[in-house]
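Single-structure report; data block below.
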Amino acid sequence: SGAPKPRLTFVGCGYLGATYAICFAELGYEVLGIDVDSDKIAKLSGGEVPFHEPGLDELLRSNLAAGRLAFTTSFNEAAEFGDVHFICVGTPQRNDGMSADLSYVEQAVSKLAAALPRKALIVGKSTVPAGTATWVQQLVAKHADPDLAVEVAWSPEFLQEGHAMEDVLRPNRLVLAYQSAWAGGMLYAAHKGVFDLAAAEEREVPVVTCDFATAELVKVAANSFLATKISFINAMAEICEVTGADVTLLARAIGHDPRIGQRYLQAGIGFGGGCLPKDIRAFQARAQELGAGESLRFLHEVDLINQRRRNRVLKLAAHLLDRSFGPAGPDLSGARIAVLGATFKPNTDDVRDAPALAVTTLLANAGADVHVYDPAGMDNARTVLPDVTYHTSIAEALPDADLVCVLTEWTEFRNADPTALAHLPAQQVVIDGRNCLDAALWTAAGWQYHGMGRP
Ligand code: UGA
C-alpha cells in the first residue's frame, strides 16, 4: 500500500497473455497487452476474447471500460508504457516433433528490449527449455541500451484452460526467480494484487523463490508429473481391460490414499491440448541435449501409452460393429458413427492435439460416416478436420447412428437423458471415451454401455 503500482505489459496475447492482461487489470493494475497479430488486437480492443474461456469476456469489457486495460501491436508503445513486461508468447513444437521453437520469444524480447526508453523488468512466463532465461538475458544485453540496466526475471505459470481466471487470480503457488533486490521488489509489486486478494480472503499464496534453472524446470516438471499420472491410470485401464477389473473403482480406491490423491486419475482417451503433449516432448529433447536423456526416458513411455488410448476406441468400435481388424486397421465403411465432443477437454474451444479429434480422424479414415457435435469447438474442429459432418446439437448428431462415441466430458453430455436419446440412433450402443456417463443409468435406458478400462 502507498507505493504506486508498476504498469504492466503482457507480450503475446494468446491464451496465457490475454488472460493475464485481463485478470491483472481486474486486480487494479494499468495494463497493456501487445501482440503482432492485428486481428487479435482488434478483437480484444473491441471487447471480444478470441477464444472460449468462461467469464473472461465480461471481465475484458469491464476493464476496457474502466480504462485500465488496452491493447496494441506497437512495441514502442509497450516499451514506453510498461515498468514490468511479461513475455507470454508461444513456444510451439518444432518440425522435429520434439523440441521447442523459441523464435517468438527471441522476436518479442529483441524488439521490446531495443525499444525500452528506461529501466524495466522483463519477466519470462512462456514454457521454455532449461537455459532460456540466461539466453534471454544475453538477448537483452545485445538489444537494450546498456545504460538502462534492464533486468530479467522468470515466473512460470500454471493456468488450466477452462479454469484460467481462477488460476491467475488465485494461484496455488507463485514461482519467482530474480537476480537483484530491485528485480525482486518489482516482481512483488507486480503481484501485490494477487497477495492482497489472498489476504482479503484469508488465504496465503505460497511463494517459491529460486534460480532461473529451477523456475524453468518447475513448469515442465509439473506438466510431466500430471501427464505421467494420467498415463499411469490409462496403463491400469489397459490392465483392467484384460482382467475384467474396473479402472474407475481402482482409481477411487488408490486415490483415497492422500499420498496419491483423487485428481488426474481419470482414465479415458488420454491427454491432449497445447501443453502436456508438447511439453513432455520438449523436455525429453532438452534432457537429451544436456546428456541426461536417460533420466526422462519414461516420458517416452508416457507418450506411447497416451497414443495407444486413441487406438483403443477404434478397436472397440470395430469390435462392436462386428468388423475385422486387418493389418491396415479396420474397415468401418457403411457404419454411421455419432461423435460427441471435439475439444481436448470441456469448457474450452481448443482442439489442439485433442484426443477427441484424433479418434474422430481414425474413425473417418477407417471409412466410417462420422457425425460430430461439440458445444464450443466446432469452428476450430472444422478447420482441422473438414471432411466429417458437423451438427449443432446432440439430437441432430445421433439419428441413424450405429454407434455413439462420447469423447469429451462436457456437462451437456453427462446430463443428457439416455432415455430421451434412445430412440434416435439405429442401435443403442455407446462408447464412453471419458468414463463420464452414468453407466447404470444408460444401461437401464436400454443402451449397451462401454467405458474405458471397465468391464
Ligand atoms: C495443463 C496443466 O494442467 C496446467 O497446470 C498448465 O499450466 C498448462 O497445461 C500449461 O502448460 O499451460 P491444460 O492444458 O489446460 O493445463 O489441460 P489439463 O486440464 O491439464 O488437461 C490436459 C489433458 O489431460 C486434457 O486432454 C484432459 O482431458 C486430460 N486429462 C486430465 C485426463 O485424460 N485425465 C485426467 O485425469 C485429467
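Sort out which residues of the stretch 134-170 are closer than 17 Å to Tyr188 by Cα and within 29 Å of the chain's Cα centre (by Cα), and write them in order of number.
The answer is Val152, Ala153, Trp154, Ser155, Pro156, Glu157, Val168, Leu169, Arg170.
Does Lys142 count as within 27 Å of Arg281 (Cα to Cα) and assigned by TED's automatic domain parsing to the domain that holds Asp35? Give the steps one after another, and end with the answer.
Numbers: within 27 Å of Arg281 (Cα to Cα): no; assigned by TED's automatic domain parsing to the domain that holds Asp35: yes.
Taking the combined requirement at face value, the residue does not satisfy it.
Among the residues of the stretch 440-455, what is the count of those that are in a loop (DSSP other than H, G, I, E, B) and either touching a Gly at 6+ places or on another chain (Cβ under 7 Å) or polar (S, T, N, Q) (or both)?
Summing the residues that are in a loop (DSSP other than H, G, I, E, B) and either touching a Gly at 6+ places or on another chain (Cβ under 7 Å) or polar (S, T, N, Q) (or both) in the stretch 440-455 gives 2.
Can you pull out the residues in the stretch 406-447 that are more than 15 Å from the ligand (Cβ to nearest atom) and in contact (Cβ under 8 Å) with a residue 60 or more places away in the chain?
Pro425, Ala426, Val429, Ile431
Take residues that are within 26 Å of the chain's Cα centre (by Cα) and tell me which of the helices (runs of 4 or more DSSP H) falling wholly in the stretch 339-439 contain 1 or more.
Result: 355-365, 378-384, 394-397, 411-414.
Scan the stretch 118-158 for residues that are within 16 Å of the ligand (Cβ to nearest atom), small (Gly, Ala, Ser) and out of contact with any strand residue (DSSP E or B) (no Cβ under 7 Å at 6 or more places or on another chain) and jot them down.
Ala130
Of the conditions (1) more than 16 Å from the ligand (Cβ to nearest atom); (2) crowded, with 16+ Cβ neighbours inside 10 Å; (3) assigned to a loop (DSSP other than H, G, I, E, B), Glu161 fails just one. Which one is it?
(1)
The values are calculated or read from the model by the stated rules, or taken from the named source; none is laboratory data. As the structure is a computational prediction, the values presented were derived from the model and not from experiment. Quick reminder, even Gly has a Cβ in these numbers, built from the backbone with ideal geometry, and neighbours come from all protein chains shown.
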